[in-house]
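The values are calculated or read from the model by the stated rules, or taken from the named source; none is laboratory data. Because the structure is predicted, anything quoted here is derived from the model rather than measured. Cβ: placed from backbone, ideal geometry, glycine included. Neighbour counts: every protein chain shown.
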Amino acid sequence: MAKDSVKKLRVGFVGAGGIAGTHANNYQNMPDVEIVAASDVSEKGLKAFQEKYKVPQVFTDWKQMLKECELDAVSVCTPNFLHCEPTIGALNAGCHVLCEKPLAMSAAEGRRMLAAAKKNKKQLVIAFQFRFDGKTQALRRAYDEGFFGKVLYVRVKAIRRRGIPNWGVFGRKELQGGGPLIDIGVHALEMAHYAVGAPQPQSALGFTWTYLGNKPSNTACSWPNWDWKTYTVEDLAVGTIRTKNGPVFHLESAFVAHTDQEGMDFTIFGEKGGAQWSTTSLYHDHAGMMVNSTPAFVAKRDGFVHKMRHFVDVCQGKCKTEAPAEHGLMVQQMLDGIYASAKQGKEVKIK
Ligand SMILES: NC(=O)c1ccc[n+]([C@@H]2O[C@H](COP(=O)([O-])OP(=O)(O)OC[C@H]3O[C@@H](n4cnc5c(N)ncnc54)[C@H](O)[C@@H]3O)[C@@H](O)[C@H]2O)c1
């Protein structure tokens, strides 16, 4: 090999649907990555993916792919029920893994995944992109430099007024583990949790409701005609989490909500200062005044592009992961806690 040539990272896919395409677009822009193989149970989807991304080898069985192809890394892009086994399979086959969010269906699955990464001395990175966003990075830096003082409370939201996915299996609890909480709430929660130093969760109080997704609807919306007959997840979930020596988090997440307060955001309440993620507004006292300030410059960083490059850098040993599986596990424990509490009707301990 010529001295200046770089060994390309040989990448494969488990799942070749929507998000796999976004991974593939990013890998294609990296000269040090080679897409070698993909697997999906849908032959039609697989063929389209192969043609679009010029994938040399395709398989309808991911285990076969791992057996036949010498891969360095795998993107796990299947529905949530199929994060755990392919991740463990790929790690045992000697690959690094970028697993789509959430980590898994449950923290119990997540622990098995972390153990497999440790046993095989391979990287398991969770595909959380919002922590890499420029605004999140700015607030994390403010946290690290003590701007907030002790952080007391973090209010988190991921709300859609009428946004039930009308593709995939997002309405099926047995395949996804839940609804908006595990699908979009997880994004807002993970970035908020990261921004304030990733404290260990201790207990959860949660509530969930299903009132619209499981019924036919003729209300106009951007994603109509979802599969209401197989819809078994919540429409709305809220939860409060206590953490060890850290703030209380309160999360609201919805696929369906009669409100105009849509979107994803979080607000930090600290003893010395506060902040709002969406506007990067900072609130504090200064020179005898209550001051609202916004940075004159916040790096516009595309979190998704950054997370993909970061994963490749981590695989190549260039840096330590900033989206470790341990964070994915803590976020999963919070989701599990909210669902368990909603089911049991009382606050539950997180072990
Ligand atoms: N990071 C993000 O912003 C983001 C966005 C969307 C989805 N996701 C995550 O990505 C995952 C997939 O979501 P999606 O939107 O791509 O869904 P999708 O339905 O478009 O794609 C999932 C693919 O997995 C395939 N599949 C199902 N069973 C399989 C099996 N046994 N072996 C191989 N392939 C199999 C399906 O045929 C489908 O092509 C989910 O976990 C979701 O939470 C993340």
Is it the case, given these coordinates, that Val11 is under 30 Å from Ala108 (Cβ atoms), more than 12 Å from the ligand (Cβ to nearest atom) and of a type in the set (Val, Ile, Thr)? yes
Could you list, in sequence order, the residues of the stretch 146-171 that are among the aliphatic types (A, V, I, L, M) and either away from the ligand (no atom under 14 Å from the Cβ) or under 26 Å from Lys244 (Cα atoms) (or both)? Val151, Leu152, Val154, Val156, Ala158, Ile159
Just wondering, is there one or more residues in the stretch 189-196 that are surrounded by fewer than 19 Cβ atoms within 10 Å (Cβ to Cβ) and either within 16 Å of the ligand (Cβ to nearest atom) or within 26 Å of Ile19 (Cβ to Cβ) (or both)? no
Candidate set from the stretch 58-71 (those that are surrounded by fewer than 23 Cβ atoms within 10 Å (Cβ to Cβ) and within 13 Å of the ligand (Cβ to nearest atom)); member that is nearest to Lys122 (Cα to Cα): Lys63
So for the stretch 39-57 (the condition being away from the ligand (no atom under 11 Å from the Cβ), modelled with pLDDT of 95 or more, buried (at least 24 other Cβ atoms within 10 Å of the Cβ) and of a type in the set (Gly, Ala, Ser)), does at least one residue qualify? no
With the condition kept exactly as written, say whether any residue in the stretch 123-141 is in contact (Cβ under 8 Å) with a residue 24 or more places away in the chain, of a type in the set (Val, Ile, Thr) and out of contact with any helix residue (DSSP H, G or I) (no Cβ under 6 Å at 6 or more places or on another chain). no
Does any residue in the stretch 248-264 that is at pLDDT 95 or above come within less than 7 Å, Cβ to Cβ, of a residue that is of a type in the set (Phe, Trp, Tyr) six or more places away or on a different chain, and which pairs are these? Val248/Tyr153
Scanning the stretch 98-145 for residues that are in contact with a Lys or Arg (Cβ under 7 Å, 6 or more places away or on another chain) and not polar (S, T, N, Q), which turns out nearest to the ligand (Cβ to nearest atom)? Ala127
Out of Ala275, Ala340, sole residue that is surrounded by fewer than 21 Cβ atoms within 10 Å (Cβ to Cβ) and either under 17 Å from the mean Cα position of the chain (by Cα) or not assigned by TED's automatic domain parsing to the domain that holds Ala107 (or both): Ala340
Failed condition for Val74, given (1) within 13 Å of the ligand (Cβ to nearest atom); (2) more than 23 Å from the chain's Cα centre (by Cα); (3) touching a residue at least 40 places away in the same chain (Cβ under 8 Å): (2)
Of these, Glu174, Glu234, which one is among the charged types (D, E, K, R), surrounded by 21 or more Cβ atoms within 10 Å (Cβ to Cβ) and more than 12 Å from the ligand (Cβ to nearest atom)? Glu234
